[in-house]
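Trainee: Got a structure for you, written out below as structure tokens; questions coming shortly.
The values are calculated or read from the model by the stated rules, or taken from the named source; none is laboratory data. Here the structure is a predicted model, which is why all the values come from computation and not from measurement. Glycine gets a Cβ as well: all are built from the backbone with ideal geometry, and neighbour counts include every protein chain shown. SASA here: full protein model, heavy atoms, side chains in, ligands and nucleic acids out. Shrake-Rupley method; radii C 1.70, N 1.55, O 1.52, S 1.80 Å.
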Amino acid sequence: MEVRVENGGSYEVGKSGWGKSLPVPSIQEIMRSDSQLVPQRYIHENKDWPIISEDLADSLEIPVIDFSFLAKGDEDEVQKLHLACKDWGFFQVINHGVKEEILDKMKAAVAAFFELPFQEKKKYAKAENEIEGYGQNFVVSEHQKLDWSDMIYLFTLPSQNRNFKFWPLSLPGFKEALEEYSREMQKIAEELQANFSVLMGLKRDGLKRLQGGELKQGIRMNYYPICSRPDLVLGISPHSDGTSFTLLLQDDDVTGLQIKHNEDWVPVKPIPNSLVVNIGDATEIQSNGMYKSIEHRAVTNEKKPRISIATFMFPDDEQEIGPVETMIDDQNHPKLYRNIKYVDYVREKFSRKMEGKAHTQFAKLRTTTNH
Ligand code: OGA
Ligand code: NI
């Protein structure tokens, strides 16, 4: 059975130049042929097994931010946002104003894509020297453990960054759904970015200026097939996002995302129609560590496949990212990260497997053991 996703051919140096990843099988396709199989390459080391205590799962919830208050400039909500970013690095956003219909269309478009026959999906396969398209990323060695998911990653904004050769344009409604969804995410992202700016002691447009204008955007659509042994595999390995921040839309009825909080893994129970937001590495760096990009992972289950849609917001490639002046104080808050061109940071991230926060050492001024 031929299940390799990537075409393995070379695609003239990818437009992004962010990196590459080795070709891997489609786990969805493997499961279509034998849903009981758990290939050795997907079984993680004992120490990584996805175990969490039931008590914790029931008792802890990530903060909830009411976007309508934030957009009105409500001071209490801004404070809540500050604490959510500082203490959790993750929060769920409700009342964001995006019509349910737009979210539903987006989810349906992604579900329809993954339901396509494999031969059809392969038309949008990543080239080996690119990170965009259908396949998987962060695979740098044939010996590395693989994650129990397939994905399609597309650059969405600015619109000139769109490479339509990777877009499933023959799928009715996909392009429209993604474009509309992308616009809505951008609006939310701009408001969040303005709030982060103010919380870092800048003007509302401070971070926008420091990031080289409008935030850039890419959307990663993940498909997690069911697994007969969810105790042995990971849907996505622990990592932090190399973004400014990320907006995640997930299925309402399947829990899979878990975040690291005080050394425990805390599941994020979806609030219907909400978005999960997490701080990415670029914001951790710019805030000089006040806000942390938190490690997260996804687990699988035996009953229902899960789909999630991660909208990554990031600075311009050529922009230099570093702790902003207002967040540095030589006495109490010395500079923890060096200034670094964003594209260099991203290339470092894509040249490694997902391994918690190991890649963030690249930007740290002093090497610490705190991954
Ligand atoms: C990601 C991610 C989590 C999820 O795509 O970066 O962390 O729940 N996804 O799918
Ligand atoms: Ni992530």
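Trainee: Could you list all residues from segment 175-192 that are farther than 21 Å from residue 160 by Cβ and open to solvent by 10 Å² or more (accessible area, probe 1.4 Å)?
Mentor: Scanning segment 175-192 gives a single hit, 191.
Trainee: Output the number of the condition that residue 248 fails; it satisfies all remaining conditions of (1) open to solvent by 30 Å² or more (accessible area, probe 1.4 Å); (2) within 28 Å of residue 45 (Cα to Cα); (3) modelled with pLDDT of 95 or more.
Mentor: (1)
Trainee: Residue check: is residue 309 in a loop (DSSP other than H, G, I, E, B), within 15 Å of ligand 1 (Cβ to nearest atom), in contact (Cβ under 8 Å) with a residue 60 or more places away in the chain and not small (Gly, Ala, Ser)? Outline the logic, then answer.
Mentor: Numbers: in a loop (DSSP other than H, G, I, E, B): no; within 15 Å of ligand 1 (Cβ to nearest atom): yes; in contact (Cβ under 8 Å) with a residue 60 or more places away in the chain: yes; not small (Gly, Ala, Ser): yes.
Against the criterion (in a loop (DSSP other than H, G, I, E, B), within 15 Å of ligand 1 (Cβ to nearest atom), in contact (Cβ under 8 Å) with a residue 60 or more places away in the chain and not small (Gly, Ala, Ser)), residue 309 does not qualify.
Trainee: Condition first: over 23 Å from residue 299 (Cβ atoms) and either within 15 Å of ligand 1 (Cβ to nearest atom) or buried (at least 21 other Cβ atoms within 10 Å of the Cβ) (or both). Now tell me which residues in segment 126-136 satisfy that.
Mentor: Selection gives 126, 127, 130, 131, 132, 133.
Trainee: For residue 363, all conditions in the list (1) open to solvent by 10 Å² or more (accessible area, probe 1.4 Å); (2) in contact (Cβ under 8 Å) with a residue 60 or more places away in the chain; (3) of a type in the set (A, V, I, L, M) hold save one; what is the number of the exception?
Mentor: (1)
Trainee: Could you grab the pairs with beta carbons closer than 9 Å, sequence gap of 6+ or different chains, first residue in segment 171-197 and under 13 Å from residue 108 (Cβ atoms), second one small (Gly, Ala, Ser) and open to solvent by 20 Å² or more (accessible area, probe 1.4 Å)?
Mentor: 171/112; 172/112; 173/108; 173/112; 174/112; 177/108
Trainee: Would you tally the residues in segment 137-164 being open to solvent by 40 Å² or more (accessible area, probe 1.4 Å) and free of Cβ contacts under 8 Å to residues at least 12 places away in the same chain?
Mentor: Total satisfying the criteria: 4.
Trainee: From the list 254, 299, 276, pick out the single residue that is within 26 Å of residue 59 (Cα to Cα), surrounded by 23 or more Cβ atoms within 10 Å (Cβ to Cβ) and either modelled with pLDDT under 95 or β-branched (Val, Ile, Thr) (or both).
Mentor: Of 254, 299, 276, the one residue that is within 26 Å of residue 59 (Cα to Cα), surrounded by 23 or more Cβ atoms within 10 Å (Cβ to Cβ) and either modelled with pLDDT under 95 or β-branched (Val, Ile, Thr) (or both) is 299.
Trainee: Shifting gears a bit: Residue by residue through segment 197-225, note down the ones that are open to solvent by less than 30 Å² (accessible area, probe 1.4 Å), in a strand (DSSP E or B) and either among the hydroxyl-bearing types (Ser, Thr, Tyr) or closer than 22 Å to residue 41 by Cα (or both).
Mentor: The answer is 222, 224.
Trainee: Do you know which of the residues in segment 38-51 that are in contact with a strand residue (DSSP E or B) (Cβ under 9 Å, 6 or more places away or on another chain) and buried (at least 16 other Cβ atoms within 10 Å of the Cβ) is nearest to residue 141 (Cα to Cα)?
Mentor: 44
Trainee: Those residues that are touching a strand residue (DSSP E or B) at 6+ places or on another chain (Cβ under 8 Å) and either more than 9 Å from ligand 1 (Cβ to nearest atom) or open to solvent by 10 Å² or more (accessible area, probe 1.4 Å) (or both), I need them from segment 226-235; list them, please.
Mentor: 234
Trainee: Moving on to the next point. Give the number of residues within segment 13-37 that are at pLDDT 95 or above, hydrophobic (A, V, I, L, M, F, W, C) and open to solvent by 30 Å² or more (accessible area, probe 1.4 Å).
Mentor: Residues flagged as at pLDDT 95 or above, hydrophobic (A, V, I, L, M, F, W, C) and open to solvent by 30 Å² or more (accessible area, probe 1.4 Å) within segment 13-37 amount to 1.
Trainee: Would segment 129-136 turn up any residue that is over 22 Å from residue 41 (Cβ atoms), in contact (Cβ under 8 Å) with a residue 12 or more places away in the chain and in a helix (DSSP H, G or I)?
Mentor: no
Trainee: While we're on this one: Would you mind telling me which numbered condition in (1) closer than 30 Å to residue 101 by Cβ; (2) buried (at least 21 other Cβ atoms within 10 Å of the Cβ); (3) among the polar types (S, T, N, Q) residue 283 fails?
Mentor: Result: residue 283 fails condition (1) only.
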